[in-house]
Amino acid sequence: NFSQVTEFILLGLSDARELQILFFAFFFLAYAMVLLGNILIIVTVKADPKLSSPMYFLLCNLSFIDICCTSVTSPRMLVDLLSQRKTIAFEDCIAQLFFLHFVGATEMFLLTVMAYDRYTAICKPLHYTAIMSRQVCWVLVSTCWAGGFLHSIVQTLLTIQLPFCGPNTIDNYFCDVPPVIRLACTDIHITEWLMASNSGLISLGCFLVLVTSYTFILVTVRVRFTEGHWKALSTCASHVMVVTLFFVPCIFIYLRPFSSFSSDKHICVIYTVFCPVMNPLIYTLRNNEVKASMWKLWQRCRF
């Protein structure tokens, strides 16, 4: 694409050396929690036959996606926090952008599927087994991955066709569409609107579907005051917490022209670091079945 830029300089979260060391300790701990927590969920679900329902199958996939999502940005960020010169090659930057949107969009679609699973379990309990069969679950998860790939390839192709011939400083700690295309040596008005309509509408559309699903769930629970429905509602409350933390920053960042606002790197921390940390905590500490299975797994490993 006739670009003269061979590398980008990442400004990171702060220039202060003391803050960089503090950030390194915090984000290293967060990354370790993401890896250990989500791997523990995957191992627990696979080891306990009682956790074979569609909800846990989808939770297992969410844990794998969280590991992938945080691994796209966190290792590079940790290295840069200890480096004087924070540079990334042009090809590595585009690869990071591609995989971030790949797993990010896949997680959006999967969270939507998980909301549909809860809606079916609560609002149509007699048909739940037939509707959410294992085959249907595999089809839904595969569709999520395919949708994430299609979204990401569009974003990547729109980015690499831009010429980069001047400034190469990215005011962020990773390569993302908004800060990268701001550096293009051409008019990006049409490109940024195409990208905003892609990422922004996907974020907003999935969020509206989620809100609609939980609205139906709340209406159903209000009518049926059974213990099982209240238990399902508790699970949904945790899900809503994660969904809000994940979708609201994405909608704010991507559903607008990228060049009209300054850097959003501190907001990006929410969905690249905090959400992957929150998922294993919420889905284990608020779920008695998962905690019981983890305890049995621990007892088995001890002896």
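The values are calculated or read from the model by the stated rules, or taken from the named source; none is laboratory data. Predicted model only: the values in this text are computed from it and were never measured. Backbone-built Cβ (ideal geometry, glycine too); neighbour counts: all protein chains shown. Heads up: the accessible areas ignore ligands, DNA and RNA and are worked out on the full protein's heavy atoms, side chains in. Shrake-Rupley method; radii C 1.70, N 1.55, O 1.52, S 1.80 Å.
A few points about this structure:
- Matching residues in segment 27-54 - criterion: being of a type outside the set (A, V, I, L, M) and either touching a residue at least 40 places away in the same chain (Cβ under 8 Å) or in contact with a helix residue (DSSP H, G or I) (Cβ under 9 Å, 6 or more places away or on another chain) (or both): F27, F28, Y31, G37, N38, T44, K46, D48, K50, S52, S53, P54
- Yes/no for L158 being surrounded by 15 or more Cβ atoms within 10 Å (Cβ to Cβ) and farther than 13 Å from L58 by Cβ: yes
- Pairs, first within 20 Å of N279 (Cβ to Cβ) in segment 110-135, second not in a helix (DSSP H, G or I), C-beta under 8 Å, six or more apart: D117/M132; A121/M132
- Filtered by the rule that a residue be free of Cβ contacts under 8 Å to residues at least 60 places away in the same chain and open to solvent by less than 60 Å² (accessible area, probe 1.4 Å), segment 167-195 gives A184, C185, T191.
- Residues of segment 87-118 satisfying the condition of being touching a Phe, Trp or Tyr at 6+ places or on another chain (Cβ under 6 Å), closer than 18 Å to P167 by Cα and among the β-branched types (V, I, T): I88
- Output for segment 135-160, where each listed residue is of a type outside the set (F, W, Y) and either farther than 14 Å from L97 by Cα or touching a Lys or Arg at 6+ places or on another chain (Cβ under 9 Å) (or both): Q135, V136, C137, V139, L140, V141, S142, T143, C144, A146, G147
- Test: residue in segment 97-116 that is open to solvent by less than 40 Å² (accessible area, probe 1.4 Å), closer than 19 Å to L59 by Cβ and touching an Asp or Glu at 6+ places or on another chain (Cβ under 7 Å): no
- Filter result for A95 (modelled with pLDDT of 90 or more, on the phi < 0 side of the Ramachandran plot and out of contact with any Lys or Arg (no Cβ under 9 Å at 6 or more places or on another chain)): yes
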